[in-house]
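Okay, so here's the structure we're looking at.
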Amino acid sequence: MYPGGISDKQGNRYEEIWTILHFLRVLRGDYLAITVEKLGKENDGFEFHIEGNDGKQQWLQSKINARGGNWTPNALKSAGVLGAFQTRLRDPNCECLFVSQDGTNLLREACNDARVAGKLDAFKDNASEDRTLALETFTGNLTGENAESVAFDHMSRCYFENASMAFLESTLVDLTNFLFRSPEHAKDLAAGFLAESINRRVTSEDARNWARNTDILGLRPELDPTAFQRLEEANAAYLASHSTRRFGKDELERGYASEVLEHLGRGTSLIVVSGTAGSGKTVAVRQILNQAVLAGVHSLALRLDKRLDASTPQELGEVNGLPESPVSFLARLAQGARSVLIIDQVDAVSEMSGRNASVRDALFATLREAALHPNLH
């Protein structure tokens with residue numbers, strides 16, 4: 001086990017949660033990659049760094065409390081924070097961020113003012129005593145004629161923030177609920193993954209593959225690299241389950257399809273297509289699915305009679321190769337946009353057919369779930 005890694009910091013939940021939050025933001029795509037606590041003298045003082053989608057690096061450090069209850073410039077200097085920052089800030093593509101429960105008001109406001117001023121002269125013209133102290137603190141470790149200009153540039157790329165433990169914990173809950181269907185163990189699983197990834201650059205794709213392979217979490221479909229593939233495979237399996245009579249290369253035209261598509265265009269939420277055997281329902285469903293897909297509408301078709309003992313929407317989804325219920329999968333993938341769920345062979349629930357009634361419960365539960373999504377038809 002690497003010294004100074006995540007596992008050595010289990011007692012400091014603040015730093016752990018701070019690190020996991022940024023790992024999950026990498027997973028979400030806010031950042032390109034994260035590297036947790038690289039070893040070596042040049043990396044002292046940092047828990048991790050992240051790479052932005054714009055190519056910039058941000059080095060991050062957290063300390064839950066200041067010894068005196070307030071992070072003054074001298075306190076941050078004594079703790080080695082500013083020295084570590086200035087080492088990294090030699091690279092013009094780097095930024096540094098410090099977070100703590102205790103106040104960092106003086107440097108936070110001074111660095112914000114430096115970014116607003118844009119130029120050293122403009123900053124000095126309006127600098128208060130506190131702003132002057134901040135500039136002098138950053139200049140202290142520098143030498144040369146341009147020391148003050150370099151210090152000002154460093155200030156403009158430094159960020160000091162305050163965040164309570166309660167805020168970090170609630171943010172983590174919100175983020176894991178957003179990313180995963182079963183978020184209860186996300187924090188511990190993420191900590192374990194990061195402990196095994198010390199010194200390794202973890203990209204968004206790496207993080208998503210980890211989440212996808214950790215079945216207990218259930219990554220949101222729109223973040224799952226295989227989600228669209230699963231949707232295509234489910235639809236292909238549905239289409240392959242029917243043999244369609246053809247004349248030449250064209251399917252028989254059916255009036256059902258155009259009528260259903262017209263209703264979908266008007267926003268009708270629930271449409272039932274019924275008819276006698278051979279009347280063209282299956283061909284119509286194929287046409288509806290194909291035309292919806294061509295229009296860029298997320299669409300899913302499935303058969304209800306594929307496994308008649310499926311008694312829940314989750315089981316109905318699993319039968320059709322999905323990680324969750326068909327409604328949840330489709331709604332998450334569409335992210336509020338219009339989507340279409342087609343359920344074929346509904347007559348499988350008929351009590352007169354004598355078939356297993358379990359699937360009827362799954363159907364009704366699926367319809368109730370679908371009613372919660374106004375753009376799912």
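Loop-located GluC sites (Glu not before Pro) in the range 88-187 (DSSP state not H, G, I, E or B) with no more than 15 neighbouring Cβ atoms inside 10 Å: Glu145. Neighbours of Ala370, meaning other residues whose beta-carbon lies under 14 angstrom from its beta-carbon, give a summed charge of +1 when Lys and Arg score +1 and Asp and Glu score -1.
Placing pseudo-labels 7 Å out from each Cα toward the beta carbon at Glu161 and Ser78 gives an inter-label distance of 2.7 nm.
Among rounded, prolate and oblate, which fits the range 6-213 when a ≥ b ≥ c are the square roots of the eigenvalues of its C-alpha gyration tensor, a/c under 1.5 means rounded, and a/b larger than b/c means prolate? Don't skip to the answer; put the middle values down first.
On the way: a/c = 2.09, a/b = 1.83, b/c = 1.14.
In terms of gyration-tensor shape, prolate.
Per-residue 3J(HN,Hα) values for the range 111-126, derived from phi via the Karplus relation 6.51 cos²θ - 1.76 cosθ + 1.60 with θ = phi - 60°, read 5, 4, 5, 5, 5, 5, 5, x, 10, 4, 4, 5, 5, 5, 4, 10 Hz in sequence order (x marks Gly and Pro). List the residues of the range 53-94 whose backbone N lies under 15 Å from a point placed 7 Å from the Cα of Ser128 along the Cα-to-Cβ direction. So the set is 73. With the convex hull of the Cα atoms taken as the outline of the range 155-221, the averaged projected area works out to 6.2 nm².
Rounded to the nearest 20 debye, the dipole magnitude of the range 6-213 is 400 debye, with +1 charges on Lys and Arg beta carbons, -1 on Asp and Glu beta carbons, and the Cα centre as origin.
With all projection directions averaged, the alpha carbon convex hull of the range 120-180 covers 6.7 nm². Placing dummy labels 7 Å off each Cα toward the beta-carbon, the span from Ala337 to Ala147 is 5.7 nm.
All of the numbers you see were taken from the coordinates with simple rules; none came from a lab. Treat the numbers as computed from the prediction; the structure is a model and nothing was measured. Neighbour counts are summed over all protein chains in view; Cβ atoms, including those assigned to glycine, are modelled from backbone coordinates with ideal geometry.
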